[in-house]
Amino acid sequence: MRRIAILCTVPVVVIAAAAAGVLVWSAQQNPTGLPPNSAGSGVPPSSSAPASDDPAPKGAPSENASGSTGEQEAVAEAVADCRREVAQSESVLQAASQGVDHWRQHVQAQTDLTLGRITEAETKAIWKRTRLPGPSDVAKYETARSGHKAVPDACKAVAGATTEQSEQLQLCRARLEKVRVALTGADLAMGDWADHLADMRKSASGHVHNAQEVWLDTWRAAPPNLEKYASAMDTLAKTKSCPS
């Protein structure tokens, strides 16, 4: 029985010795204890990448970022240009307000005289009061009109605009359209006022025959243009302002 136990033990010892030898050899071949190819193999770890493939440093502008910034700047500029166009157009319209009002009173005086609402003396007083500032009215409006070059495509929709910017452009575009309609009415009414003032100057110098008939023709033709202006101004008053 002892011989059998010894014989059984020998293979175990041999196997253990062999295993120990393998471990010693392995330790000599890889003294770091790391898995093969993880160090000293000359192949970089898979997580590393060549320097040229490294992502741009944090915060550095990329091509897409710069393009986006350029688009945003273009949108902001378009919105600013739109607001400026609306403001300048409204300024021109404002320059016509006093002149159109003087012309309206001038015409209304003749209407009231014809209907017997006022006397001839009262009519002449109104005519003088409105006629004297007339040349200044016309010069003021013509200066404002010639000093503003309208931008036809102002306030149009712009690609890349935010929802808020698009809404602002839409409101300003609606406002600008109504201002331009009112300006058309102002052009007509102020044109009539300028023509009448010119006729009066010619009459004073004796260059107009039948001045009374010329005036009555002008008076009869005046209401439609004054009405166009008044109607456009009423509509404008109900239109939301352009956000600033």
Among the residues of the stretch 192-223 satisfying the criterion of being hydroxyl-bearing (S, T, Y) and in a helix (DSSP H, G or I), which is nearest to S89 (Cα to Cα)? T218
Determine whether A125 is over 24 Å from P224 (Cβ atoms), in a helix (DSSP H, G or I) and among the aliphatic types (A, V, I, L, M). yes
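Every residue, every condition in (1) out of contact with any strand residue (DSSP E or B) (no Cβ under 6 Å at 6 or more places or on another chain); (2) at pLDDT below 95; (3) closer than 21 Å to P135 by Cα; (4) of a type outside the set (S, T, N, Q), yes or no:
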{"residue": "C155", "(1), (2), (3), (4)": "yes, no, no, yes"}
{"residue": "S166", "(1), (2), (3), (4)": "yes, no, no, no"}
{"residue": "G185", "(1), (2), (3), (4)": "yes, no, yes, yes"}
{"residue": "L188", "(1), (2), (3), (4)": "yes, no, yes, yes"}
{"residue": "H196", "(1), (2), (3), (4)": "yes, no, yes, yes"}
{"residue": "L216", "(1), (2), (3), (4)": "yes, no, yes, yes"}
{"residue": "E227", "(1), (2), (3), (4)": "yes, no, no, yes"}
{"residue": "K238", "(1), (2), (3), (4)": "yes, no, no, yes"}
With respect to the numbered conditions (1) in contact (Cβ under 8 Å) with a residue 24 or more places away in the chain; (2) part of a helix (DSSP H, G or I), which one is the sole condition not fulfilled by K240? (2)
Verdict on M233 being hydrophobic (A, V, I, L, M, F, W, C), assigned to a helix (DSSP H, G or I), closer than 30 Å to A78 by Cβ and touching a residue at least 12 places away in the same chain (Cβ under 8 Å): yes
Looking at the structure I just gave you, is C155 surrounded by 15 or more Cβ atoms within 10 Å (Cβ to Cβ) and at positive phi? yes
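Yes/no matrix, rows are residues, columns are (1) assigned to a helix (DSSP H, G or I); (2) at pLDDT below 95:
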{"position": "P57", "(1), (2)": "no, yes"}
{"position": "E73", "(1), (2)": "yes, yes"}
{"position": "A87", "(1), (2)": "yes, no"}
{"position": "R104", "(1), (2)": "yes, no"}
{"position": "L113", "(1), (2)": "yes, no"}
{"position": "A121", "(1), (2)": "yes, no"}
Hey, does the stretch 196-216 have a residue that's within 20 Å of Y141 (Cβ to Cβ), among the small types (G, A, S) and in contact (Cβ under 8 Å) with a residue 24 or more places away in the chain? no
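Restricting attention to the stretch 179-191, does a residue exist that is outside any helix (DSSP H, G or I), hydrophobic (A, V, I, L, M, F, W, C) and on the phi < 0 side of the Ramachandran plot?
So far as the stretch 179-191 goes, no, none of its residues is outside any helix (DSSP H, G or I), hydrophobic (A, V, I, L, M, F, W, C) and on the phi < 0 side of the Ramachandran plot.
Kindly evaluate M190 against the criterion of being within 19 Å of V107 (Cβ to Cβ), touching a Phe, Trp or Tyr at 6+ places or on another chain (Cβ under 9 Å) and surrounded by 17 or more Cβ atoms within 10 Å (Cβ to Cβ).
So M190 fits the description; yes.
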When the stretch 203-235 is checked residue by residue, the ones that are within 30 Å of R180 (Cα to Cα) and among the acidic types (D, E) are D217, E227, D234
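The values are calculated or read from the model by the stated rules, or taken from the named source; none is laboratory data. Quick caveat, the model's predicted, so the values are computed rather than measured. A quick note on method: Cβ atoms are made from the backbone with ideal geometry, for glycine too, and the neighbour counts reach across all protein chains shown.
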